[in-house]
Amino acid sequence: MKKILQDLSLAEIETLVVEKGEKKFRGKQLFEGLTQGKAITEITSLSKDFKAKLLEEYEDRPVTIKETFYSSDGTEKYLFELADGNLVEGVLMKYKYGYTQCISTQVGCRMGCKFCASTLNGLIRNMTAGEILSQILVVNALHKKDIEGQVTNARAVTNVVMMGSGEPLDNYDETVRFLRLVTAAEGICISARNISLSTCGIVPKMYKFAEEGIPLNMTVSLHATDDCMRERTMPIAKAYKIGEILKACEYYFQKTGRRYYFEYTLIEGENCDEEHAEALIRLLKGKPCHVNLIRLNEVKERSLKATGDKEAYRFLGRLEKGGISATLRRQIGADIGGACGQLRASYLQGEKQ
Ligand code: SAH
């Protein structure tokens, strides 16, 4: 695979163009073009020879949109193709305050959570920072006209959630590099406050991340109220206990001042009875955190079942009464199918047939 231009910061691009015998300001032109989601050939300010030289060594389109699925509620789901033909997926959710994009950090995943389709075929490979970033760049370019007439540095995508395929903290270095690129003032400059990093709870990496000085929304996939129960659906629970996760979250809060988040996917007969609500209240009461309840998106290869709407609201009501800040995530894009990895999984199956 060729090296990827979007992996580079502005300073690194400037060094590169100077090494290639161009003036430093050409670096800024190149970086700005890439940030706007352009391919090298579309950056008209650069000479043809220079562009050809770069393309011998570098990939300028690390991510392309292979297919788009449109929901009646405005949500869009993308199947992204990487330069080596691998596929990952992403979702764009449109809210009043802006667009939130869900992005992937790995091709596949090796965490093995029982409810998740991304992990069905294991981990294929890590994505590079530039590949992670480019998912946003291509979607911004696609929605350029949605922000016409707004301030010049406006971006269609204002919020990012790292909840697509992969475990961000299992691809630690590229995830951190991506976060530095996406928050950089000279780049698309999305504030860390508008970014959620979702992890299954790799505790040592959570501590390490707390030292990076990136105050984002740290989100842990909890899905259970005790370790034994968590081990049933999440293999990582054998390595790190809920108590350790809570301490790591507390440390992140101390370091950044940011409250932390838990995701709790409601699985029928598993984790959403009254006793579980009570246990969750005992576990989290008084902590600076927020709980996002998620309806399970049933994966056909797995037998786990979603909770009904009534039960989901009852669970939410219990938490709120118990003094826990919580929301039930609105189900959006239901008609375009699938959670986490289902689109890619069904695509790969289709290809095999
Ligand atoms: N690896 C990270 C991020 C990717 S998954 C993590 O574990 O957090 C993003 C969120 O979607 C996680 O909370 C995950 O547990 C949840 N999820 C995965 N499959 C799901 C499904 N079928 N239905 C509902 N939520 C799911």
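Each value in this text was obtained by applying a stated rule to the coordinates, not by laboratory testing. All values reported here derive from a predicted model rather than from experimental measurement. In this analysis, Cβ positions are derived from the backbone assuming ideal geometry, glycine residues included, and neighbour counts consider all displayed protein chains.
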Item checked: Net length gained if the chain between S325 and S47 were fully extended (0.36 nm per residue, minus Cα distance) -> 94.5 nm
Item checked: N86-E268 pseudo-label distance in nm [points 7 Å out on the Cα-to-Cβ vector] -> 3.6 nm
Check: For S118, S47, what's the fewest-to-most ordering of other Cβ within 10 Å of each Cβ?
Finding: S47, S118
Notebook entry, point to check: Can you pull the Kirkwood radius for the chain, inverse mean 1/r over Cα pairs, to one decimal in Å?
Noted result: 21.3 Å
Checklist line | Förster radius 56 Å - calculated FRET efficiency between E278 and T15 (Cβ-Cβ, nearest 0.05) | finding: 0.45
Next item on the list: Starting from the Cα-Cα distance between Q254 and D227, subtract it from 0.36 nm times their residue separation and give me the gain in nm to one decimal.
Entry: 7.3 nm
Next item on the list: Among DSSP beta bridges whose residues both lie in the chain, state the antiparallel percentage, nearest 5.
Entry: 45 percent
Item checked: 17 Å reach of a label modelled at R180, 7 Å along Cα-to-Cβ, counting backbone N of the range 1-24 -> 4-16
Next item on the list: Let me have the relative contact order for the chain, percent, based on Cα pairs under 8 Å that are six or more residues apart.
Entry: 15 percent
Check: How far is helix 48-57 tilted, in degrees, relative to the longest principal axis of the Cα atoms in the chain, given as a value from 0 to 90 rounded to the nearest 10?
Finding: 40 degrees
Next item on the list: Round to the nearest 0.05 the FRET efficiency obtained for K285 and Y97 when R0 = 41 Å and r is the Cβ-Cβ distance.
Entry: 0.85
Note to self: Largest first and in whole Å, what are the equivalent-ellipsoid semi-axes of the range 153-264 based on the Cα gyration tensor, each being the root of 5 times an eigenvalue?
What the structure shows: 26, 14, 12
Notebook entry, point to check: In nanometres, what is the gap between the two model label sites at S191 and K24, each 7 Å from Cα along Cα-to-Cβ?
Noted result: 3.1 nm
Checklist line | Relative exposure of E56, E320, judged by other C-beta atoms within 10 Å (fewest first) | finding: E56, E320
Notebook entry, point to check: Given that compact globular proteins tend to follow 2.2 N^0.38 Å, what is the ratio of the alpha-carbon Rg of the range 252-301 to that value?
Noted result: 1.39
Check: Given the rule -39500 (n - 2.57) for each run of at least 4 DSSP H residues, summed and divided by the residues of the chain, what is its mean residue ellipticity at 222 nm, to the nearest 500 deg cm²/dmol?
Finding: -10500 deg cm²/dmol
Checklist line | Residue-span extension gain [D73 to R302] - 0.36 nm each, minus C-alpha spacing | finding: 79.7 nm
